1. Here are B:Gly689, B:Gly674: which of them is away from chain A (no Cβ under 14 Å) and assigned to a helix (DSSP H, G or I)?
2. If only one of B:Ser230, B:Ser248 is farther than 24 Å from B:Lys321 by Cα and touching a Phe, Trp or Tyr at 6+ places or on another chain (Cβ under 9 Å), which one is it?
3. If a residue must be surrounded by 21 or more Cβ atoms within 10 Å (Cβ to Cβ) and either within 14 Å of another protein chain (Cβ to nearest Cβ) or among the hydroxyl-bearing types (Ser, Thr, Tyr) (or both), how many such residues does the stretch A:134-160 contain?
4. Would you say B:Thr375 is at pLDDT 95 or above and assigned to a loop (DSSP other than H, G, I, E, B)?
5. Could you grab me the full set of residues in the stretch B:316-327 that are surrounded by fewer than 23 Cβ atoms within 10 Å (Cβ to Cβ) and either of a type in the set (A, V, I, L, M, F, W, C) or in contact (Cβ under 8 Å) with a residue 24 or more places away in the chain (or both)?
6. Is the stretch B:699-708 home to any residue that is in a loop (DSSP other than H, G, I, E, B) and more than 14 Å from chain A (Cβ to nearest Cβ)?
7. Going by the structure shown, is B:Phe386 in contact with a Gly (Cβ under 6 Å, 6 or more places away or on another chain) and either outside any helix (DSSP H, G or I) or free of Cβ contacts under 8 Å to residues at least 60 places away in the same chain (or both)?
8. Can you report the number of residues in the stretch B:409-453 which are without any contact (Cβ under 8 Å) to a residue 60 or more places away in the chain and in a helix (DSSP H, G or I)?
Amino acid sequence: MKFMKLDNQQNTDLTSLVFSVQHFCMHDGPGIRTTIFFKGCPLRCTWCQNPESWSRKPQIAFKQHLCIGCRTCVDKCPEQALSDPGYRNADKCVLCFTCVGECPSTAVVRFGDLRSVGSVIDELEPEFPFYLNSNGGVTFSGGEPTLYSEFLVNLTEDLQNKGIHISMETCGYFSLNEKAIDNSKTSLKKLLSIINLVIFDLKLFDNEEHKQYCGTDNRQIKENFTTLAKQKSFQNKPGLWPRLPVIPGITDSRDNLINWSDFLLENQIPFLTLVPYHKMGESKRSWLNTEPGPDLTPLSDEMLKAAQDLLESRGITCYAPGEEDWSLI
Amino acid sequence: MQNTAIAEKILPVDSYCQSFPRIQKIRTELLLTSNSICLERPCLLKEFSKSKEGRTSKNQHPFIRRAKALAYIFSNRLPRIYQDELIIGNMTSKRIAANYYPEGGSINILEDLFKLEKRQTPLKLSSKEKRKLLSIAMGSVFDSIGAKALLRPDRISHFLNFFRAKRYFVTEEAGIGHQVGGYYNVVHHGLIKVEKEAVSYLESGKSFQGQQLTDDQIAFYQSVKIIIKSICNMALNLAEKAEKMANSAGISAKRNAELLEAAAACRHVPYHPARSFKEGLQACWLVHIAMNLEDFEQGLSFGRLDQILYSLYCQDIEQMKLTPDSAIEILASFQLKTCETIPLYSDRIDRFFSGNGVAQGITLGGTDEKGNDVTNELSGLFLNAFDHVRTREPALHVRVHEATPDWFLQKAVETVQLGCGKPSFFGDNSIVRALEGVGMTKAHARDYAIIGCVEMASQGRTYNSSDAALFNLPLCLELALNRGKQFSKPDWSQRRLGAKTQAITQMTCFEDVVKAFKYQVEDSINEMVKVIGWLEDSYRIWRPTPVNSIITEGCMKNGLDITWGSALYNLTAIQVAGLADAGDSLYALNRLVFEEKRYSLEELVKILKCNFKGFEILREELTHKFPRYGNGITEADRMTQLAADIFSDTIRSHYNSRGGQYVPGMYSMTCHIGFGQKTGALPNGRPAGYRLSNGLSPVDGSDRTGPTAVLRSAGSLDSSKWANCCALNMKFDKKSVQGKAGRMAMAGLFKTYFEQGGMQVQVNVLDTRILQEAKKNPSAYPGLVVRVAGYCAYFNDLHPSVQDEIIERTVH
C-alpha cells in the first residue's frame, strides 16, 4: 500500500493533494481512463455527492459500517483525541493518521495524500497499455484540479511525452487573470493550452441562484467557458465538452435549461452531457461528519427525458455520461 | 473477402434485426421443456447383453465387444425429428434429457431419486420410469468404471474418496469425454476414408510399420468397420424418418422440401464427404451424437468450425445456394441442437459442477499453421447466429492474436454485451507456447481448439483427459501446517489425510513451510495419479471408444483404440481450485511469521485452528490491509506464481499410462465451493468452510484496484506450464460496459491483457439487481445465462450457494 503513505517529498518537489486514483473509468472522456481526484473545491453545491473533495486539507473519515468495534484507533491514538471509534476531538487531533494506519478493517480512512508528479506517474504507468489500446488516457478531476495547475502542467507534459491523452473536469471557477492560489497564472494558461480535452461543468445560469446553490458568483465561470470556446475555435485545442448535472427542482427548470442552451449556441457548442442526479454519495457525508445534503426528490426517467427534450428542441444534442460522441470535438 | 467488407456486413447487430420465426419457435419450445433422464441407452445396452450376439461378444476382444454394444445402440435407437429444425438428429429419446451411462457415474442420481422434481435443477420422470431407473441402476452397479477399478479390498478407501472429495475429485471416474475430434476429416473426407483404410489394413494383414498385424490391431480395425456401419445405420434411420414425415398429411410444401433435403443429407453424410455447408454441419452433428452416446457427454467439442466449413460456405454462396442470412438460420438451428443434452448430477455433485452444462465448444478465429490470421466471415456469422439463440449451450470461444481484425474483436465483445457470458477469449501467443511446451509442433499448436470450457487440444490430434480431476491446493497448506491432518478436529481424533511432514516447531524459515507444502502437494498428487491409473486400466478393457478413435489422428496408424495411447498427443489434465487463496496465504504467513515476526508459527497455527476466534482484528487486517493477488502488486502476485509453479511442476512430473504427460489447468469449475466447505481457515484470513478462490481469479473482494489491475496481475503470471489453460472470471455491471464506448473499452482491455501474456478471460455482463430478483423469483427469469467458471449456465439451474457467489462477486 505504498500509495497510502504520505509522500515526504522535499519542498522543492511539486506536490498536490489527491484523494483518489481510480482506474478503468469510462465516463470521464474517451476510452479506458484513470481519473485522478484532486482535493479542494471553490464551490459548495448543495447536491454535491463528493464531500471529501471540498477541503484542501487531508481529512480523516470514519466508515461506521466497516467498524468492528475493536477500539484499536482509540487505544493507539498518541493524542488521546478519540473517545470512541468515530468520535474524534478535532482540537486534539494533529492529523498524524495513526488511527488510519492501525484500523484493521479500513473503517478509518484518510482522504488526501500529498503526491509528487513522479509518484503519480509510477502509479499510472502500468495502465498505459490500456489507455493506448482503447484511445483512452488520464482525466484530472476533483474537487477542482485547476487549483494545482503548476503541478498539472508538469504531470501533463510528462504523460503527453509518453503519448497519453489528457482530459480535465472543471467546475469552471478559476481565474486566468489574477494570481492563482498556489502558482502563477501562466501555469494555468499553459495547462489550458496543452491539455487535450476540458470537460466543463455548467450548473445554474442565473447568478443569484448560483450563489444560493453553489456558493459563488458564476460570471467568471461563463467567461472562462467563452474564453475556452474561442480558444478552441482558433487554436483547435483543447477540446471543450460541457456537462450539466440534472438536479430535480434546481438545475432542471425551464429557464435554466433555455438559458444554457442559448449560451451554448452562442459559443457554438451545440452538445451537452446530462448527468442524472444520484444519491450514492450520501453516506460519505456521514463519514466526514458533514451535515446531510438536501432531501431532493430522486430524478425520474421522465424528468430527465423532459430536460433532454427541451434542450434538443432548441438544437442541443444531449448525451448520457459515457455515451458521448467524442469525434464532435 | 476484404476485412472491411466483412465488417460492414457483420458488425452492426441492427442490420441483422431480421428475426427468424423458426429459430424463435425452437428456442421457446426448448426453454419451456422440462429436463428429464433418457433411459433408452441403458435399456438398449441391457437388451444387447442378453441377445445372442451380446452373449457371444463377451468372450471377444474388448474392442469388438465394445464396438458391437455401441453399434447396437446406434442402430436401434429411435430417430426423432422435431418441428422446424434444419439440422436433424436426436441426442436422447426426449427433447431435453441426460443420457444414463451405467459405465460411468450416472448411478449417483439415485441419491436424489425421491426428490427429482424438487431439486434446484428439476428432472421430470414418471413413476414408472423411476422404477425402471432404479432397476437399471441396481442392475449395473458393478458395470461402472469406478467400481471395476476400485471395488477391491485394497482400493476401497479410494472408492470412498469420491464421496469425501477433500484433497481432489477424480472426474475421470464418470468418463473421459472432453474431445475435439477431427471434424475437418469428417466433413471433407467422410468416414468412408477411414473405413477404406481399415479394410486395407485387414486385407494386407500388415501394420503401418509393415509388420504382421497383432490380434489387438486386427480387433481394432474390425471394430472400426463395425462402428462406422452403425453410425451410417443411425443416419439412415433418421433419413427414413424424415422421408416418412415429409410425406405425412398436413406437412407444408416448404417443410416437405426441408425434410427431404435433411433426409438426402443423412443418406450421404457422415459416410461420404459433405457436398454443402448444411451437409457439413449435419455430418458434424451426427458424429457428435455418436461421441455422446459412446463415452459421456462432458466437453465434447466441435473445434474450429469457421475454418472447417468455410470452403463449403464460400462454394454455396458462389453457387447462390446460400446467403449470409440463410447461413445464420442454419447455424442457429445447429446451435439449438446442442441444448438437447444435460449432465446427470446428484445435488451433492452439483455443488462441484453446478450449472447443468456440458460445454460443447466451438472455436472461432485464430491463425493458420504459419501464424497468419484466418478469421473469416463465418467466424462472425457464428456469433450473429448466437444473437438469435442466447442459450446456455454451445460454448463459444474466440481466439485473439496480434492480427485479429478489429471488426471481429468488436463483434465478439458485442456478443458479450448480450449478457450470456459468451464468448470467452483466448490468447494465441500464450496458448501456443504452452502447447509447444508439452511437445506439440508449432503448426499443430497453432491449430488448437478449445475442449469444453477452456481446455486446449490440437484439434483432431489430441487425446487429453482434460478434466481428469480437480485439486484442492490450499488444503495442502493446511496439511503442511499440521503434519498431514486438518485443523477442524483435534489431531488425535482424525485419520491422517496427508503426509506426515515436518512439525511446525521444527520449521525455522519460510522455505521450510514451502517444502512441507510442496511435499503435501506431491503426496496428494501421487495418490490421485495412482487412482487415475487404475481407471485408465479399466477404460482399456471395459470402455474403449472406437468413435473417438476414428476421428483422432494416430489411432488408425497405430491400429489401437485411443484409450490404449494411440493418439498423436496424449495428455491428462488436473485442475486447481483455490490458487489465489494458496498464494495470498503463503504471502501472509511469510510476512506475519518470518518477516515481521509478529507471531510464531505455532501461534499462527493455533489461531487458524480456532478459526480466528478471538483474533478477529488480525483477520480483518489480513482481509483488508494485506496485499493480495489481483492488484498488480508484484510481491503478492509472486506468491501466487509460487503456488502455481509448485502445483504445475509436480503435476508435470507425472505421466499417464498412455505415455502422455500430466498437465495443470488453472480453473476450478465450481469445485472451489465444494472444496471450500471442507477446508480449514487459511493464513490469508479466509475462514474455515468459506469458498475458495475461483480459477485464476483473485480471492473474492480482494481485487481492490479494479479490472485493469486484475488483468495486469493475471497477465504477469508465467503461464507457459499451463497446458490445460486457465479461467479468469470477470464480471461487469451491464451499465458500465454498454454501448459503443463499452465495446471499445472491453476490446481495449482484452487486447492489452493478451499483449501482456494473458491466456484466457471470460466476462459476465449483468445487472446485480436482476440476479437478486432472479434468486427470489426464479420463474420470472427463465433463460438468464451467466458464466460460472469456464462455462455458462442458466442462473436458475445453479446451486443457491453458487448463485450467491455470482451475486456477490465484485461488480466492476
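1. Of the residues listed, the single one that is away from chain A (no Cβ under 14 Å) and assigned to a helix (DSSP H, G or I) is B:Gly674.
2. After applying the criteria, what remains is B:Ser230.
3. The total comes to 10.
4. yes
5. Listed by number, the residues that qualify are B:Asp316, B:Ile317, B:Met320, B:Lys321, B:Leu322, B:Pro324, B:Asp325.
6. First, pick out the residues of the stretch B:699-708 that are in a loop (DSSP other than H, G, I, E, B): B:699-706.
Still in the running and more than 14 Å from chain A (Cβ to nearest Cβ): B:699-700.
So far as the stretch B:699-708 goes, yes, one or more of its residues are in a loop (DSSP other than H, G, I, E, B) and more than 14 Å from chain A (Cβ to nearest Cβ).
7. Numbers: in contact with a Gly (Cβ under 6 Å, 6 or more places away or on another chain): no; either outside any helix (DSSP H, G or I) or free of Cβ contacts under 8 Å to residues at least 60 places away in the same chain (or both): yes.
So B:Phe386 does not fit the description; no.
8. 5
The values are calculated or read from the model by the stated rules, or taken from the named source; none is laboratory data. Every value quoted in this text rests on a predicted model; they were computed, and no experiment measured them. Cβ coordinates were reconstructed from backbone atoms using ideal geometry, including for glycine residues, and neighbour counts include every protein chain displayed.
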